[in-house]
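The values are calculated or read from the model by the stated rules, or taken from the named source; none is laboratory data. Being a predicted model, the structure only gives us computed values, none of them experimental. Note: ideal-geometry Cβ built from the backbone for every residue, glycine included; neighbour counts use all protein chains shown. Surface accessibility is based on the protein's heavy atoms, side chains included, excluding ligands, DNA and RNA. Shrake-Rupley method; radii C 1.70, N 1.55, O 1.52, S 1.80 Å.
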Amino acid sequence: MAVSAIFGAKINRREDPRLITGTGSYTNDIVLPNLAYAVFLRSPHAHAKINKINTERAKQFPGVIAIVTGKDIGSQLNPVPCAWPVTGAEVKIPKYYPIAIDKVRYAGDPVAVIVATSPYEATDALEAIDVEYEPLPAIVGQEDASKPGAPQLYDDVPNNIAFHWKVTGGNVSDAFANSEVTIKERFVNQRLQPTALETRGAIAQYDPGSDTLTMWITTQNPHVHRLLLTLMTGIPEHKLRIISKDVGGGFGSKIPCYGPEAVVAFLAKKINVPIKWIEDRQENYQATVHGRDHVQYVELAGKNDGTITGIKVLAYANMGAWLSTAAPGVPTILFGLILPGAYKIPNVECEVYGVLTNTTGVDAYRGAGRPEATYIIERLVDIFAHKIGMDPAQVRLKNFISKDQFPYNTATGLAYDSGNYEGTLMKALGMIGYDDLRREQQKLRSEGKLVGIGISSYVEVCGLGPSAVVRATGFALGLWESAIVRVHPSGKVSVFTGGHPHGQGEETTFAQITASELGVPINDVEVIHGDTDRIPFGMGTYGSRTTPVAGGSIVVACRRIKDKGRKIAAHLLEAREEDIVFDSGKFFVSGSPGVSKSLAEVAWASYGAGGTEIPTGMEPGLESTAFYDPPSFVYPFGTHICLVEIDPESGQVHIKRYIAVDDCGRQVNPMIVEGQVHGGIAQGISQALWEEAIYDSNGNLLTATLSDYAVPTAAELPRYETSSTETPSPYHPLGLKGVGETGTIAATPAVVNAVCDALSPLGVENIDMPLRPDKIWRILKEKVVSK
């Protein structure tokens, strides 16, 4: 674990110049000769039979090249696949086709597509398609949808229950039977609409000469996308190339493969015309997967001294109208297993129902299951502390897994790698001046001010693999990652990674890892990703896995290169291999650093391949391919503290201070780490205070534009006071953990705990998110009237 100057340095992101000067290359920037444009007609009904579709009038519009419906291509395209049918959950995957054939199941379900010479001509013709619908009763709430007699989305999914999953550890019944204190609450973790700056899109171009199809797609995982498109279209993998250059944000919404992408691929090949499809924002909100949407019945058992002895959760997860790519795994594996959080809770029970409704599909959204679990335990800890009259910080300290207990096996079967939970909490408490702040809070309350302090201590499971574990949960493939590291004859280095960064900064961090391992200048390293014809098969970027897992594959490949380079250097220096030392880009005989061969000299010799250059029988060249399958997950952790004041006249929440202390193991680039934390906190705060996808009872999305869906700007967000601790993971070759989702996981309960703390003198224990001013104002008025 030697640290060089380049590893751990705050180097500016190499990606940023092209991104902030408008010279990046996004999917919509791709222009091809004779490009046609696809526009989808989407259902205005959340639930309806399709009796008839008449496209004849639309076909007469100028510029129209083709119009197809679900019946036209239904037999030629397979249903949208689900890649994570969770083991032991009785998962029922309904047949959901790329274009609806005889029934629509959510407002926005595609029913036809027009291909025309311009997007405007396609949009004009769209209005001339006549669809005869027979409306059916719609159901949008998951609890109601799972009851007998509710409208059924699919005949083969009784009561709309797509899966039922349960995990139990310890003896929960005894824990509650013997408890001195119990807490019971109903939490709602509301539905959210991912709002990447770039909406989804796809371009497809067919080459009849080679019988190959090239697609440019907004995706977080090009090879996975290729595989899923192969399953839908029947186009062989080796005949399908996926290119994903710059991606303008994903947050999980660009993990899944969607039906329209398969339709674009199919039509481009069928009519031999390159086709582009790009969502507008309303289409993005209606048809790109949403996140969260849990109703949770939660219980905690404990003692009056602050010991937590058990927790029990019954969750209803709204899955929307179909099971998206990773959908079943999010509210089960990524949620239920991490419920104990940072605490040594011996008894845990979690039961989850995944329910289909007449709404947009729900899949991973930044944090994906971990925010929902952390919200439960961190809210329960605060409610428990209030009930027994103990400070929330002290309850956490009493129940934390201590640093000498790692690796730690939880009641749900996870093996936490390393941690110092007390360390991050104590550092955060010190930064905010906690004891003085509590005294100041009492003074301000006596003056009638509504001031609250919220703590959130989290741990998350991330760095997805390891393959043996995820395959046991039902995941379709392993979650290893791949890299090719190639040292050119001149000593310059190309890194081809199966990861696909799209805002996380890995073009920089991967270059830092490579430069550090090989002892070369960072400007001599290029990082290539996002093109299935250039990179090794990889699993992509999500679940805070890219730096730990894809970075791990780069480390392994670099070390193999050094191993081969050591053999070549020994040959050149006429020394024994075991006597060769590599340091700062040079190979030399131990004790004689003055006589050396640089990596570039060794690379040149490897390509020269003459008898005096490489040992007899050695393969020429200096590159390595590595598939890194991590031995375990990694578990970043930390504590966030939020200080709020509520305006009693308006109900407006003002965040006065926000402290974040995170531990993601060793940091390749602390500046990028801090940026990831900042972005995560913004999304976590936004869920707590503003964001919410809202449907009416007929299944119409009322928050279908940015005028209706509240996304904060910098003006609404506080200044963050950030710090970190460093607890390396013993399971990673560099001691790394993930950081992309930590802020989102920690921030939401910190803010809600602070608001509930501010209102606790009024007898308020819980408020469902988002904590908008009107909601708090009504609570304040009710409390005043009740007095």
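Some notes on this structure:
- Distance between the stretch 280-338 and the stretch 534-591 - C-alpha centres, whole angstrom: 41
- Ordering Gly149, Gly454, Leu213 by Cα displacement along the dipole of the chain toward the positive end leaves Gly454 in first place; charges were set at the Cβ atoms of Lys, Arg (+1) and Asp, Glu (-1).
- Compactness index (Cα Rg / 2.2 N^0.38 Å), the stretch 1-69: 2.22
- Atom-type composition of the exposed protein surface of the stretch 636-754 places 51 percent of the accessible area on carbon and sulfur (1.4 angstrom probe).
- Alpha-carbon gyration tensor eigenvalues x 5, square-rooted, for the stretch 142-184, Å: 34, 13, 6
- Bins of 5 Å from zero: percent of alpha-carbon pairs in the stretch 236-280: 5, 14, 24, 31, 16, 9, 2
- Alpha carbon convex hull of the stretch 508-557, volume per residue in cubic angstrom: 83
- Kirkwood Rh, Cα atoms: Rg over Rh of the stretch 467-585: 1.04
- Where labels lie 7 Å past Cα in the beta-carbon direction, separation of Gln442 and Lys49 in nm: 7.0
- Taking the protein heavy atoms of the stretch 134-275 in the context of the full set of protein chains, the accessible area attributed to carbon and sulfur is 52 percent at 1.4 Å.
- Surface accessible to a 1.4 Å probe, Lys449 within the full protein complex, Å²: 90
- Length-normalised contact order of the stretch 330-420 in % [C-alpha pairs under 8 Å, at least 6 apart]: 38
- In terms of overall dimensions, the stretch 253-347 has a Cα radius of gyration and Dmax of 21.0, 72 angstrom.
- Share of Cα-Cα pairs in the stretch 341-415 lying beyond 17 Å, as whole percent: 60
- Kirkwood-Stokes translational diffusion coefficient of the stretch 304-456, alpha-carbon pairs, 4 °C, 1.567 mPa s, µm²/s: 74
- Helices meeting the span-like rule in the chain (full DSSP H runs, Cα extent of at least 30 Å along the helix axis, mean Kyte-Doolittle score of -1.0 or higher): 551-573.
- Under 5 Å between amide hydrogens, built in the peptide plane, is the criterion, and for Ile65 it picks out Val115, Ala116, Thr117 among residues at least 5 positions away or on other chains.
- From the largest down, the stretch 628-694 spans 56, 30, 18 angstrom on the principal axes of its Cα atoms.
- The relative contact order of the chain, computed from alpha carbon pairs under 8 Å that lie at least 6 residues apart in sequence, is 15 percent.
- What the Cβ-Cβ distance of Ser402 and Lys239 gives, at R0 = 60 Å and to the nearest 0.05, is a FRET efficiency of 0.60.
- Between the amide H of Leu136 and those of His47, Ala48, Lys49, distances stay under 5 Å, these residues lying 5 or more places away or on another chain, with hydrogens modeled in the peptide plane.
- Taking all pairs of distinct alpha-carbon atoms in the stretch 591-632, Kirkwood radius in angstrom: 12.6
- Val711 versus Asp156: modelled label distance in nm, points set 7 Å from Cα along the beta carbon direction: 3.7
- Convex hull of alpha carbon positions in the stretch 78-125: directionally averaged projected area 5.2 nm².
- Hypothetical label at Ser25: residues of the stretch 535-555 whose amide nitrogen lies under 14 Å (7 Å Cα-Cβ projection): 535
- Sorted largest first, the principal axis extents computed over the alpha-carbon atoms of the stretch 717-787 equal 61, 22, 19 Å.
- If you plug the beta carbon distance of Lys449 and Leu702 into 1/(1 + (r/R0)^6) with R0 = 30 Å, you get a FRET efficiency near 0.30.
- Asp130/Ala9 FRET efficiency (R0 56 Å; Cβ-Cβ; nearest 0.05): 0.35
- Hydrodynamic radius by Kirkwood, which averages 1/r over all alpha carbon pairs of the stretch 35-114, in angstrom: 14.3
- Distance (nanometres) between label positions extended 7 Å along Cα→Cβ at Glu721 and Arg18: 4.0
- Each residue of the stretch 292-299 was assigned a 3J(HN,Hα) from its phi angle through the Karplus curve 6.51 cos²θ - 1.76 cosθ + 1.60 (θ = phi - 60°); the sequence is 6, 6, 10, 10, 10, 9, 10, 9 Hz, with glycine and proline shown as x.
- Stokes-Einstein D in µm²/s, Kirkwood radius over Cα pairs - the stretch 265-320 at 4 °C with 1.567 mPa s viscosity: 79
- Evaluated at q = 0.19 Å⁻¹, the base-10 log of the normalised Debye intensity for the stretch 469-534, with identical point scatterers placed on the Cα atoms, takes the values -0.77.
- Taking only alpha carbon atoms, the stretch 536-622 gives an Rg to Rh ratio of 1.10, where Rh is the Kirkwood radius.
- Measuring nothing but how far apart in sequence close Cα pairs (under 8 Å, 6+ apart) lie, relative to its length, the stretch 67-112 scores a relative contact order of 48 percent.
- Rg(Cα) / (2.2 N^0.38 Å) computed for the chain, rounded to two decimals: 1.00
- For the stretch 377-421, the mean projected area of the C-alpha convex hull, equal to one quarter of the hull surface, is 3.4 nm².
- 37 °C / 0.692 mPa s Stokes-Einstein diffusion coefficient of the stretch 100-254, Kirkwood radius on C-alpha pairs, µm²/s: 156
- Once Rg and the Kirkwood radius are both taken over the C-alpha atoms of the stretch 619-767, their ratio Rg/Rh works out to 1.12.
- Around the Cα centre of the stretch 665-787, unit charges on the Cβ atoms of Lys, Arg, Asp and Glu (plus for the first two, minus for the last two) sum to a dipole of about 240 debye.
- Structure-based [θ]222 nm, the chain - -39500 (n - 2.57) summed over DSSP H runs of at least 4, per residue, nearest 500: -8500 deg cm²/dmol
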